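Following: one structure in structure tokens, then a few remarks.
Every read-out reported here was derived from the displayed coordinates using simple, explicitly stated rules and does not represent laboratory data. It should be emphasised that the depicted structure is a prediction, and the values quoted were computed from it without experimental measurement. Every residue, glycine among them, receives a Cβ derived from its backbone with ideal geometry; neighbour counts consider all protein chains shown.
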Amino acid sequence: MAESEKWEQIKVLVESLDLDVSKFERGNASAGVRSRKGLRTLKKWAAELVKEMVTADKERKSAKPVTK
């Protein structure tokens with residue numbers, strides 16, 4: 001999956017988390033469960049995005065010809 005697609009998924013997840021956290025603050029316990037699950041997913045997806053970006057950066061650097 002491309003970095004931009006992963007980023008779009010993360011943004012959608014954050015928007016849904018925003019709603020659930022707001023509901024949890026108003027006393028909805030189920031929203032708290034969804035929020036915690038979503039935050040764990042966010043952590044996982046963010047780590048995957050970081051790995052993809054590092055890999056892409058390394059590939060770009062290795063593809064550049066070395067000039068002196």
What about Lys61, is it of a type in the set (Lys, Arg), surrounded by 12 or more Cβ atoms within 10 Å (Cβ to Cβ) and closer than 23 Å to Glu5 by Cβ?
no
Residues of segment 22-58 being surrounded by fewer than 10 Cβ atoms within 10 Å (Cβ to Cβ) and outside any helix (DSSP H, G or I), in sequence order, are Arg26, Gly27
With the requirement that a residue be in contact (Cβ under 8 Å) with a residue 40 or more places away in the chain, over 9 Å from the mean Cα position of the chain (by Cα) and surrounded by 12 or more Cβ atoms within 10 Å (Cβ to Cβ), what does segment 1-21 give you?
Glu3
